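Accompanying notes for the structure given below.
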């Protein structure tokens, strides 16, 4: 009986969450928080500029989830962030492999309702390779079909487990990260960017999904 109780307590549980808020971060974004599309591209071989450098040529997106239903003390076993890029993108599997989509830490905290681009100096993706939780590129691109991209958030080098624990234990239970990429439209053309369906898309199966497996 004790063995059965222990098995029940530590049986893995999986939850899939859609972001509660997103922001498209770009100087010329007209409606950055409407949740229709998320975008990411870079410039000059970088996915995001260093502190103090001009971010005008770059684009990224912020995502926020509510982890209120995750029990305190949950032990994270796996974490996956899934997107669908729009059909017929301006990149190939090979070019995307060289400039993958990155899940990256955010410096500061954002609120989609009040976000403006001039807040970028205080709220921005953490630069550098060590800020990346994981990255991925599409395994195949089929004609006229949305393109799936799945990021293993526990691949590192940054520790997603630490972000998860902090979010679950915080009073707000909110988890935030950014998506970035070094893919460069100035080299590959205007459509050579990541353009991903957002959390308000009419098709639920195309919305971004965070899938967490944990024990408690």
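No lab work stands behind these numbers, since they all come straight from the coordinates. This one's a predicted model, so the numbers in the text were calculated from it and none came from an experiment. Cβ atoms come from the backbone with ideal geometry, glycine included; neighbour counts cover every protein chain shown.
The helix-only estimate of mean residue ellipticity at 222 nm for the chain, built from DSSP H runs of length n ≥ 4 each weighted as -39500 (n - 2.57), is -3000 deg cm²/dmol after division by the residue total. An ellipsoid equivalent to the stretch 123-216, defined through the eigenvalues of its Cα gyration tensor, has semi-axes of 27, 18, 13 Å when rounded to whole angstrom and sorted largest first. Fewest-first ordering of 83, 110 by other beta carbons within 10 Å of each residue's beta carbon gives 110, 83.
In this entry, the stretch 62-105 is assigned a mean projected area of 5.1 nm², taken as a quarter of its C-alpha convex hull surface.
Highest-first packing order for the peptide set 48-56, 132-140, 170-178 is 132-140, 170-178, 48-56, based on the mean count of other beta carbon atoms within 10 Å. The angle between the Cα long axis of helix 160-169 and the main principal axis of the chain comes to about 60°, on a 0 to 90 degree scale. Over the stretch 12-112, with a single point scatterer placed on each C-alpha, what log10 of the ratio I(q)/I(0) does the Debye formula yield at q = 0.13 1/Å? Computed log10 I(q)/I(0) values: -0.61. Here the relative contact order of the stretch 20-215, from alpha carbon pairs under 8 Å that lie six or more residues apart, stands at 37 percent. Among 190, 39, 104, the largest mean-square fluctuation in a Gaussian network model of the chain (Cα springs under 10 Å) belongs to 190. With all projection directions averaged, the alpha carbon convex hull of the chain covers 12.9 nm².
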